[in-house]
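*Asks:* Take a look at the following structure, please.
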Amino acid sequence: MIFTDLAIAVLALSTLMALSHLRPLMRDTVQALRAATTRILYSGRARQNLAFGALWMLIFVMSLP
């Protein structure tokens, strides 16, 4: 019983910590995606990268039950 209570407390604390840092996490994610998109578009390899991403999405979708 004490282990269950301890596990629930750790889970609740982890959730609160994650939610309290959600805005900086989203800001950093958007910044990283913006930088990656800019780098891909200006590298001249956008078509190849898009085809590679489509291939992986196809593999992922085909592996679903």
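What follows is calculated from the coordinates using simple rules that are stated; it is not laboratory data. Please read all numbers here as calculations on a predicted model, not as lab measurements. Reconstructed Cβ throughout: ideal geometry from the backbone, glycine too, with neighbour counts over all protein chains shown.
*Asks:* Within 14 Å of the chain's Cα centre (by Cα) and surrounded by 10 or more Cβ atoms within 10 Å (Cβ to Cβ): does that describe Thr37?
*Replies:* no
*Asks:* State whether one or more residues within the stretch 18-33 are surrounded by 10 or more Cβ atoms within 10 Å (Cβ to Cβ) and charged (D, E, K, R).
*Replies:* Checking the stretch 18-33: at least one residue is surrounded by 10 or more Cβ atoms within 10 Å (Cβ to Cβ) and charged (D, E, K, R).
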